[in-house]
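FYI, it's all coordinate maths here, none of it is from the lab. Computed from a predicted model, the values in this text were never measured in an experiment. Note that we place each Cβ from the backbone using ideal geometry, even for glycine, and neighbour counts take in every protein chain shown.
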Amino acid sequence: MKIVVDTNIVFSALLNANSRLAQILIYSEPHFQFYSCDYLHTEIFNHRDKLQKLTKLSKNELLELEDFVIHHITFINEGLLPQKLIDSTQKQLQDIDPYDVPFVALAKHLDAKLWTGDLKLTKGLKAKRFKNIISTAEMVLLFDELEK
């Protein structure tokens, strides 16, 4: 199953490396194929100091954890997505959250599920009939089935 992972999922895994969410990102290959936008790297970089403060990890420990958490994510440059797709997604998200355009557009492009913990985004997309969303609770259920 193809899954596009957004920023809040990776941040949650970094903030609690022992969580089920982190375990899913780290241990569920080859059952899930994770993808994200290059923009996620920028988000991690921009918030690294805050993440370090919250996790109480050293700079090197946090970098090691980042590598571990994102190791199974294939990153795609959102600039390579068709402009028509970006434009239609921007229009769709203009009243929800324009920062999520790259993730939603990538999910559409790959015909993948969007894994997000952003309730505003989830509700907004569902209201606009975008159904390719998967919650963390649903991911946990799928992951638990794999472990049986």
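Structure notes:
- Looking across the range 8-57 at every residue that is more than 12 Å from VAL69 (Cβ to Cβ) and under 10 Å from the mean Cα position of the chain (by Cα), the one that is surrounded by the most Cβ atoms within 10 Å (Cβ to Cβ) is identified as CYS37.
- Criterion violated by ILE76 - all others in (1) surrounded by fewer than 17 Cβ atoms within 10 Å (Cβ to Cβ); (2) of a type in the set (A, V, I, L, M); (3) closer than 23 Å to MET1 by Cβ satisfied: (1)
- Where a residue in the range 22-48 is closer than 12 Å to VAL4 by Cβ and its partner, wherever it lies, is of a type in the set (S, T, N, Q) and assigned to a strand (DSSP E or B), with Cβ under 6 Å and at least six apart: TYR35/THR74
- Entirely in the range 1-72, the helices (runs of 4 or more DSSP H) that have 1 or more residues that are more than 24 Å from LEU121 (Cα to Cα): 20-27, 48-55, 59-70
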